[in-house]
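Here's the structure we're looking at; comments come further down.
The values are calculated or read from the model by the stated rules, or taken from the named source; none is laboratory data. The structure presented is a predicted model; accordingly, all values stated were derived computationally and were not measured. Ideal geometry is used to build each Cβ from the backbone, glycine not excepted, and the neighbour counts take in all protein chains shown. The protein model used for the area step is the full one, side chains on, heavy atoms only, and it has no ligands, DNA or RNA in it. Shrake-Rupley method; radii C 1.70, N 1.55, O 1.52, S 1.80 Å.
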Amino acid sequence: MFSGDLLHFPQGFIWGAATSAYQIEGAWDEDGKGPSIWDAFCRLPGRIRDGSSGEIAADHYHRWEEDIAIMAELGLQAYRFSISWPRVMPTGKQKINPAGLDFYERLVDRLLSHNIEPYITLYHWDLPLALQEQGGWPNRDTAFYFADYAAAVAARLGDRVTCWITHNEPFVVAVVGYITGELAPGIQDPVAGFRAIHHLLLSHGLAVEALRASAARQLKVGIALNLNPVHPATERETDQLAATRFDGVLNRMFLDPLFFARYPEDIEELLGPVFPRIQEGDLTRISVPIDFLGVNYYTRSVVRYDESFPIIQARQIQPEGSEYSQMWEIYPPGLYELLLRLWADYKPTNIFITENGVPVPDGLDADGRVRDERRIRYLSRHLAQAHRAIAAGVPLRGYFVWSLLDNFEWALGYTMRFGLVYVDYQTQKRIIKESGWWYAQVIQENAVPAIEEE
Ligand code: IFM
């Protein structure tokens, strides 16, 4: 039992944890799975900090039963995981690999037998390599193949799985995959990147329709966006302009088409010839009503005007005097600010925090325990902000910790640990961290201990 003051969450609030296929499954070429862009990218020299890959990762493909038993032990009410497109369709289109669908069916059935609600993400970055060879997301056809894939998965699992997320962080897919090139497929081409944004959004709309059409019952469908509040580095007019542009590309470029069937005018003007070509009817498709908006929140963006920065002339900086994790500034009030803004500007009927978490350099103590106090503090502070937002009227329905397990952190390899559960990659042994036991208590009491902000 927690002691002291508690922040109680509304009845029915959903507590979960999240993972993604490439980051945990391993078994990169087993049982008919095709290669993804990540299988190829990890082989390029110098792309992954520790030279690793997701070929084995947390070996979840073979250890899924143990992992579900851990979820049940923690009392998780929901588990958000992604389906590997190339496991289900090895070349991304036409031919289905039944063994791939069988794996996810077993997973879903076991989750349901423990009363853990599956939240399926259809795309968490692992594009079938064959589709990248035909142009990837900058190729409009990919959007239509994605809808076919969505329909195939829903035809098998739509009778049991109610909650579906089309995409995870399309900003990262397009901008970091096709413009800065730090993530797969590692391309550096702004025209390709903005075309990718449009096709990802189009594919979302097409997939929402396909999911709803192919399942026999009513599904709840949404999308998970990485959204940050954007703050100017100073009061200077140029910095304010930079912040508006940054917000345009990071946030409004996704939210406006989804909720208002239009792209932000200032960004269209700014991009000029780089702005993607939009066909008639695309925006109507993109703005098909969704059942919930997924918000992945980790940090805020503080932005300074910088003439040398291509196109947007805005650069993100790390403000002095702030607190940092191994990856980003820790800024809990940004979650409250963001949720209130989303509610005021876009009025989504339901919001879920589909990711929130922190990397901590965890290790085992002599007694075999993992004392990740910093993670407990990070999660507590963010949940306090979520609680504040609910009290202010935001329809926040649930929260997923990123991540259930330590896993492959993309270009940073295994150098970051985000899990509630420690993974010893040598033995694949799982150890529930202190944060995992703490979260189990949160779920049980539907409440978080109130903490003092310094
Ligand atoms: O690990 C990632 C995840 O795949 C997407 N959102 C951010 C996480 C931490 O970087």
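Checking each residue of the range 75-86 against the condition of being of a type in the set (Lys, Arg) and more than 16 Å from the ligand (Cβ to nearest atom) gives no match.
Kindly establish whether Thr180 is open to solvent by 20 Å² or more (accessible area, probe 1.4 Å), more than 16 Å from the ligand (Cβ to nearest atom), of a type in the set (Ser, Thr, Tyr) and within 21 Å of the chain's Cα centre (by Cα). No; evaluated as a whole, the condition is false for this residue. Might you let me know whether the range 402-414 holds any residue that is open to solvent by less than 10 Å² (accessible area, probe 1.4 Å), of a type in the set (A, V, I, L, M) and touching a strand residue (DSSP E or B) at 6+ places or on another chain (Cβ under 9 Å)? Yes, because at least one residue in the range 402-414 is open to solvent by less than 10 Å² (accessible area, probe 1.4 Å), of a type in the set (A, V, I, L, M) and touching a strand residue (DSSP E or B) at 6+ places or on another chain (Cβ under 9 Å).
Within the range 372-419, the set of residues being aromatic (Phe, Trp, Tyr), in a helix (DSSP H, G or I) and within 12 Å of the ligand (Cβ to nearest atom) comprises just one member, Trp410. Applying a threshold of 9 Å to beta carbon distances and a minimum spacing of six or more residues, or different chains, the list of pairs starting in the range 408-420 at a residue that is polar (S, T, N, Q) and ending at one that is modelled with pLDDT of 95 or more and within 11 Å of the ligand (Cβ to nearest atom) reads Thr415/Gln326; Thr415/Pro359; Thr415/Glu409. Screening the candidates Tyr79, Tyr61 for the property of being aromatic (Phe, Trp, Tyr) and open to solvent by 10 Å² or more (accessible area, probe 1.4 Å) yields one hit, Tyr61. At least 1 residues being closer than 24 Å to Tyr119 by Cβ and in contact with a Ser or Thr (Cβ under 7 Å, 6 or more places away or on another chain) is the threshold, and among the helices (runs of 4 or more DSSP H) wholly inside the range 193-280 those reaching it are 253-260. Those helices (runs of 4 or more DSSP H) of the range 1-115 in which 2 or more residues are more than 19 Å from the chain's Cα centre (by Cα), over 30 Å from Gln132 (Cβ atoms) and hydrophobic (A, V, I, L, M, F, W, C) occupy 60-74, 98-113.
Looking across the range 283-330, the residues that are outside any strand (DSSP E or B), in contact (Cβ under 8 Å) with a residue 60 or more places away in the chain and within 16 Å of the ligand (Cβ to nearest atom) come down to Tyr297, Tyr298, Thr299, Arg300, Gln326, Met327. Pairs meeting the criteria (first residue in the range 206-234 and open to solvent by 10 Å² or more (accessible area, probe 1.4 Å), second residue within 16 Å of the ligand (Cβ to nearest atom) and among the β-branched types (Val, Ile, Thr), beta carbons under 7 Å, at least 6 apart or on different chains) are Asn226/Val172; Asn228/Thr299.
On the basis of being closer than 27 Å to Gln77 by Cα and not small (Gly, Ala, Ser), does Ile187 make the cut? No. Taking the range 288-306 as the range and being hydroxyl-bearing (Ser, Thr, Tyr) and in contact with a Lys or Arg (Cβ under 6 Å, 6 or more places away or on another chain) as the test, no residue passes.
Report yes if Ser435 is more than 15 Å from the ligand (Cβ to nearest atom), farther than 17 Å from Thr19 by Cα and polar (S, T, N, Q), otherwise no. Taking the combined requirement at face value, the residue does not satisfy it. Applying the condition of being more than 13 Å from the ligand (Cβ to nearest atom) and assigned to a loop (DSSP other than H, G, I, E, B) to the range 155-177 and asking which residue is most open to solvent (accessible area, probe 1.4 Å) yields Asp159. Considering the range 331-360, and only residues there that are more than 19 Å from the chain's Cα centre (by Cα) and acidic (Asp, Glu), the residue that is nearest to the ligand (Cβ to nearest atom) turns out to be Glu337.
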